[in-house]
Amino acid sequence: MANHAFLEKITTVPGISGYEKNVAEVFEDYLTGCVDSFEHDRLGSVVAIKKGKTPLKVMLAAHIDEIGFIVKDIDKDGFIQVQPIGGWQGKNIPAGLFEIITRDQKHIRGVMEGSTKVKGPEARNMAPLPTDVFLDIGVQNLEQVKEAGVRIGDPIIPVSEFSVMTHPRYLMSKAWDDRAGVAVIAEVMRNLKDVETEATIYAAGTVQEEVGLRGAKTMGQMVQPDVAFALDVCFSKDIPEGEKGDVRLGCGAVLGVLDGSVIAHTGLLKHMEKICAKLGVSYQLDVLVGGGTDSGELSKVGPGVVNMTLSIPSRYMHSHRTIICEDDLDATVAILTEFCRTINAEILEEIKRDKQ
């Protein structure tokens with residue numbers, strides 16, 4: 001992909017679930033001039049549209065929201081009680097740097113801390129529950145928090161930096177879940193800028209995935225696609241003491257067989273395997289017992305949509321500092337570009353007939 005400036009901008013911009021406007025603007029700015037139009041739903045999702053020659057519709061969806069917190073309450077000493085937004089692990093929170101974004105767009109930094117219910121020496125080895133942490137912005141009392149403009153309901157965003165790692169294809173930042181998917185669909189649309197396609201291609205940045213796949217539901221109803229791909233990240237199983245499996249950084253695109261929200265359309269899965277073979281692109285297969293992606297809603301639109309999930313392996317998901325490999329981004333962009341370039345009504349009928 002090589003455009004590190006865009007990758008840095010799209011990952012470091014704040015945008016927890018329900019507060020995604022800034023991310024949508026970065027996405028739209030990057031694709032302005034490369035697509036025919038943009039549309040929005042009423043929740044804040046954005047879709048970039050490239051018109052095709054036939055009524056066939058292909059939707060590429062990646063969620064633009066990230067996990068974070070909101071201000072829940074403020075005690076008399078100025079410590080801020082928080083409500084988690086999305087699936088935090090307690091071990092990823094203590095001593096983390098966060099920013100509150102106030103109603104008037106002031107950015108106020110603080111450190112997130114918390115305690116376990118266990119006291120004494122045993123507490124050293126225990127992570128707090130995400131619901132038990134608090135944010136310290138460095139004040140003496142409640143009045144000083146109010147003077148700073150902080151109010152209940154203000155979003156709290158992880159603070160991190162974009163870094164190219166020792167291996168120059170390994171990239172670290174916050175919010176790769178799911179700005180990696182956003183980057184993929186953006187590059188696919190840029191690749192297709194001057195390509196005539198049979199299908200109209202819809203690249204959707206969906207909102208509120210981390211709290212219930214909500215933007216995928218509204219955007220799917222808007223677009224009514226014939227084929228839909230959800231782009232997301234998955235767990236890389238190449239770390240010490242971790243769950244063992246075939247999915248690893250740098251080993252190619254990940255074709256999702258199933259997760260807790262969807263079973264891939266088997267005809268589409270086999271078609272994507274054929275595209276990988278045709279292009280000489282390495283790929284991996286993933287079975288996720290729990291969790292889910294936007295596919296969970298996209299597959300159920302109308303009479304049902306030919307659908308599957310494509311993923312980018314990631315280390316340390318749902319933390320301030322997640323690592324991905326640029327090679328996996330490139331592989332996913334390549335196979336999706338080829339699908340969008342070649343899909344037509346006849347091929348789609350073949351995919352449907354090939355369903356097991």
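Determine, yes or no, whether D178 is surrounded by fewer than 24 Cβ atoms within 10 Å (Cβ to Cβ) and either under 27 Å from V227 (Cβ atoms) or not β-branched (V, I, T) (or both). Let's see the steps before the verdict.
On the way: surrounded by fewer than 24 Cβ atoms within 10 Å (Cβ to Cβ): no; either under 27 Å from V227 (Cβ atoms) or not β-branched (V, I, T) (or both): yes.
So D178 fails the test.
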Across (1) hydroxyl-bearing (S, T, Y); (2) in a loop (DSSP other than H, G, I, E, B); (3) under 18 Å from the mean Cα position of the chain (by Cα), T197 clears everything bar (3)
Could you list, ordered by first residue, the pairs with Cβ atoms under 9 Å in which the first is in segment 203-223 and crowded, with 24+ Cβ neighbours inside 10 Å and the second is of a type in the set (K, R) and at pLDDT 95 or above, at least 6 apart or interchain? A203/K50; T206/R214; T206/K217; V207/R214; Q208/R214; G220/K300
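Specify which of the listed residues (Q83, Q89) is modelled with pLDDT of 95 or more and not assigned by TED's automatic domain parsing to the domain that holds D294. Explain how you work it out, then say what you get.
Values: Q89 fails: modelled with pLDDT of 95 or more.
Step by step, each of Q83, Q89 is checked, and only Q83 is modelled with pLDDT of 95 or more and not assigned by TED's automatic domain parsing to the domain that holds D294.
Going by what's in this entry, would G280 be described as surrounded by fewer than 18 Cβ atoms within 10 Å (Cβ to Cβ), over 30 Å from N92 (Cα atoms) and in the same structural domain as M189 (by TED's automatic domain parsing)? Walk me through it before giving the result.
Numbers: surrounded by fewer than 18 Cβ atoms within 10 Å (Cβ to Cβ): yes; over 30 Å from N92 (Cα atoms): yes; in the same structural domain as M189 (by TED's automatic domain parsing): yes.
Yes: the conditions hold for G280.
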Among (1) more than 22 Å from V207 (Cα to Cα); (2) basic (K, R); (3) at pLDDT 95 or above; (4) not in a strand (DSSP E or B), which single condition is R103 missing? (1)
From the residues in segment 55-74 that are under 30 Å from L97 (Cβ atoms) and of a type outside the set (V, I, T), which one is surrounded by the most Cβ atoms within 10 Å (Cβ to Cβ)? H63
G52 passes all but one of the listed conditions (1) without any contact (Cβ under 8 Å) to a residue 24 or more places away in the chain; (2) over 26 Å from E210 (Cα atoms); (3) crowded, with 19+ Cβ neighbours inside 10 Å; the exception is number (1)
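Please verify whether V35 is in contact with a Cys (Cβ under 8 Å, 6 or more places away or on another chain), surrounded by 15 or more Cβ atoms within 10 Å (Cβ to Cβ) and at pLDDT 95 or above, treating the condition exactly as stated. Working first, answer last.
Details: in contact with a Cys (Cβ under 8 Å, 6 or more places away or on another chain): no; surrounded by 15 or more Cβ atoms within 10 Å (Cβ to Cβ): yes; at pLDDT 95 or above: yes.
Taking the combined requirement at face value, the residue does not satisfy it.
Of a type in the set (G, A, S) and surrounded by fewer than 21 Cβ atoms within 10 Å (Cβ to Cβ) - does that describe any residue in segment 306-326?
From segment 306-326, those of a type in the set (G, A, S) are 311, 314, 319; that's our starting set.
Of the ones still in play, those that are also surrounded by fewer than 21 Cβ atoms within 10 Å (Cβ to Cβ) are none.
No, there is no match, as no residue in segment 306-326 is of a type in the set (G, A, S) and surrounded by fewer than 21 Cβ atoms within 10 Å (Cβ to Cβ).
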Return the residues of segment 77-90 that are closer than 16 Å to G138 by Cβ and either touching a helix residue (DSSP H, G or I) at 6+ places or on another chain (Cβ under 6 Å) or among the charged types (D, E, K, R) (or both); say none if nothing qualifies. D77, G78
Matching residues in segment 15-49 - criterion: being without any contact (Cβ under 8 Å) to a residue 40 or more places away in the chain and of a type in the set (A, V, I, L, M, F, W, C): V26, F38
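Residue by residue, here is whether (1) of a type in the set (D, E); (2) at pLDDT below 95; (3) in the same structural domain as I343 (by TED's automatic domain parsing) holds:
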site	(1), (2), (3)
E25	yes, no, yes
L56	no, no, yes
K72	no, no, no
D75	yes, no, no
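If you go through segment 233-292, how many residues are outside any helix (DSSP H, G or I) and farther than 23 Å from E326 by Cα? Break it down into steps so the answer makes sense when it comes.
Applying the first criterion (outside any helix (DSSP H, G or I)) to segment 233-292 yields 233-265, 280-292.
Now drop any that are not farther than 23 Å from E326 by Cα, which leaves 241, 258-265, 289-292.
Residues in segment 233-292 being outside any helix (DSSP H, G or I) and farther than 23 Å from E326 by Cα: 13 in total.
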If we ask which residues in segment 97-111 are farther than 23 Å from Q208 by Cα and either surrounded by 19 or more Cβ atoms within 10 Å (Cβ to Cβ) or without any contact (Cβ under 8 Å) to a residue 12 or more places away in the chain (or both), their number turns out to be 2
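The values are calculated or read from the model by the stated rules, or taken from the named source; none is laboratory data. All values derive from a computational prediction rather than experimental measurement. Virtual Cβ from ideal backbone geometry, glycine too; neighbours counted across all protein chains shown.
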